[in-house]
Amino acid sequence: MPLGLILGLGRAFRRKRTSSLDILSSKRAPRNYYKGKNCKPTGFHTHKGGYVLLQEKLPNYVVPDLTDFKLKPYVSQCPIEVETTEGTDAAK
């Protein structure tokens, strides 16, 4: 087999996959094409160039009341080891 064919096959296997966003770019599309980032619109544009936000399209996060909650909101990536007597008693 020729060396060029073998090198071409190697390049084809190493080629990265294209995601769905990379298929069509604004350079390969019509002049007025706007690609965006797959985000949902939160309102609409007015005729005078303004933008109106709609409350029903905004995300609504429901957070419970955590005033008397025992756990802390942050978990360290490098926890220090703490010896507890409860864990050793339960293991016996």
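The values are calculated or read from the model by the stated rules, or taken from the named source; none is laboratory data. No experiment lies behind these values; they were computed from the predicted model shown. The accessibility values were calculated without ligands, DNA or RNA, using every heavy atom of the protein model including side chains. Shrake-Rupley method; radii C 1.70, N 1.55, O 1.52, S 1.80 Å.
Here V63 sits with roughly 110 square angstrom of accessible surface, probe radius 1.4 Å. For G43, the residues whose modelled amide H falls within less than 5 Å of its own, excluding neighbours fewer than 5 places apart on the same chain, are L54. Remark: accessible surface ordering of T67, T42, T84 (largest first) is T67, T84, T42, probe radius 1.4 Å.
Length gained on full extension, N38 to S25, computed as 0.36 nm times the residue gap minus the Cα-Cα distance: 3.3 nm.
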